[in-house]
Amino acid sequence: MDNQQLDLKHYSCYIGILGKGRTRERSAKVFDEMRSEGVMPDIISYNALISAYAKGEDGERALQVLDEMRREGITPDAYTYSSL
């Protein structure tokens, strides 16, 4: 990304777009970048990352992200489970 400050909404959209393109590794890097910039993920950003892994046929990693999401105190919703 560039040096502009992105907010949660922008990061979540970017992760989702990358996931639709089946570039799950890049989605994960952006997710990690978001956190390192002090932007805490929400259910939308977690769902985007889970969906990216699931579309990339990496169900094991998608479940790991789901577990991480729960540990962060974010409750999965219907979209989360439908992505798996």
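The values are calculated or read from the model by the stated rules, or taken from the named source; none is laboratory data. The model shown is predicted, which means the values in this text are computed figures rather than measured ones. With ligands, DNA and RNA removed, areas are computed over all heavy atoms of the protein, side chains included. Shrake-Rupley method; radii C 1.70, N 1.55, O 1.52, S 1.80 Å.
Each 5 Å bin, from zero up to the one with the longest distance, holds this percent of the alpha carbon pairs of the chain: 3, 17, 29, 28, 16, 6, 2. Lys9 exposes around 150 Å² of accessible area when a 1.4 Å probe is run over every protein chain in place. When the helices of the chain are scored as -39500 (n - 2.57) per DSSP H run of n ≥ 4 and the total is divided over every residue, the value at 222 nm lands at -21000 deg cm²/dmol.
For the chain, the longest principal axis of the Cα atoms and the long axis of helix 59-71 meet at an angle of about 70 degrees. To the nearest 10, the accessible area of Arg26 is 80 Å² with a 1.4 Å probe. For the chain, the fraction of 1.4 Å probe accessible surface lying on carbon and sulfur atoms is 50 percent.
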